[in-house]
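This report refers to the structure that appears directly beneath it.
The values are calculated or read from the model by the stated rules, or taken from the named source; none is laboratory data. Computed from a predicted structure; not experimentally measured. Ideal geometry is used to build each Cβ from the backbone, glycine not excepted, and the neighbour counts take in all protein chains shown.
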Amino acid sequence: MALKRGALVILPNLIGEAAVKENLPDAVEKEVASLDGLIAESETAGRRFLGHFIKDRAAQVPIAVFTKKTKDEDIDFYLEPIQKGEKWGLVSDAGLPCIADPGSKLVMRARKVGVKVKALPGPSSIMLSLQLSGLSGQHFTFHGYLPKEHPPLIKKIREMEKTMKATGATQIMIEAPYRNGSLLNLLLENLADDTLLSVMWDLTLPSEGGMTESVATWKKLAKPQLDKRPSVFLIGKE
């Protein structure tokens, strides 16, 4: 049953050009059909998402663009129609909103002002990668995007490995697809040979793949071509 009026609904999106029926629960279609508006990272991505479910009126649904550049003082603007009784959805460009995504600021504010919030389950490249890696899912830390400049990036890699060895917690990170190859090389150059490195790419797509091997083994194998392919990197131990 669709949520009552006056609510913010956190909606899952596809990871890449995957099949909707195979990757998103039926409840998403029901919720989208009853939305008064959608909050998205871009209007193009928002219209594409709506088109999966309400193609005949996807162009008529109001879309409010919310990004990491949205100022804190502007957040209440997005909640005004919800506080007046409307139901709006929150969607990310891919996967789950609020995970490596600016939507968390909106949800926090919604809770503070008493707006009802609901989240629907869906695909997460981070969780799928952790499941597929074989590394510890009991304790883990997600670091998001790492520093772009090499000196702080190398420092961060070594800090994550030190933490992993001390606590056993799997360390998870992502990178812009066009820099995946560079990150893989830096990980192999700076991690200890006995550290386990897992890389998962193109999750939920026909081209999905992944490897979990020691750094020493990685250095002996042909490296996968990761540039321009959404990937998740994990380091851990047995």
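Looking only at segment 215-231, count every residue that is surrounded by 15 or more Cβ atoms within 10 Å (Cβ to Cβ) and out of contact with any Ser or Thr (no Cβ under 7 Å at 6 or more places or on another chain) and tell me the total.
5
From the residues in segment 134-172 that are free of Cβ contacts under 8 Å to residues at least 60 places away in the same chain and among the acidic types (D, E), which one is surrounded by the fewest Cβ atoms within 10 Å (Cβ to Cβ)?
E149
Name the residues in segment 206-236 that are within 16 Å of the chain's Cα centre (by Cα) and under 24 Å from S136 (Cα atoms), would you?
Across segment 206-236, the qualifying residues are P230, S231, V232, F233, L234.
Does T212 fit the bill of being over 30 Å from G85 (Cβ atoms), out of contact with any strand residue (DSSP E or B) (no Cβ under 7 Å at 6 or more places or on another chain), touching a residue at least 60 places away in the same chain (Cβ under 8 Å) and of a type in the set (S, T, Y)?
No; evaluated as a whole, the condition is false for this residue.
So, in segment 102-122, of the ones that are within 15 Å of A64 (Cβ to Cβ) and part of a loop (DSSP other than H, G, I, E, B), which residue ends up modelled with the lowest pLDDT?
P102
Conditions: (1) farther than 26 Å from V20 by Cβ; (2) surrounded by 12 or more Cβ atoms within 10 Å (Cβ to Cβ); (3) touching a residue at least 60 places away in the same chain (Cβ under 8 Å); (4) not charged (D, E, K, R). G89 meets all but one. Number of the miss?
For G89, the exception is condition (1).
Exactly one condition in (1) touching an Asp or Glu at 6+ places or on another chain (Cβ under 8 Å); (2) touching a residue at least 12 places away in the same chain (Cβ under 8 Å); (3) of a type in the set (A, V, I, L, M) is false for L221; which is it?
Failing condition for L221: (2).
Say whether the condition of being touching a residue at least 12 places away in the same chain (Cβ under 8 Å), in contact with a helix residue (DSSP H, G or I) (Cβ under 6 Å, 6 or more places away or on another chain) and among the charged types (D, E, K, R) is met by at least one residue in segment 191-198.
yes
So which residues in segment 67-91 are under 25 Å from the mean Cα position of the chain (by Cα), closer than 15 Å to K116 by Cβ and either assigned to a loop (DSSP other than H, G, I, E, B) or small (G, A, S) (or both), if there are any at all?
Correct list: G89 only.
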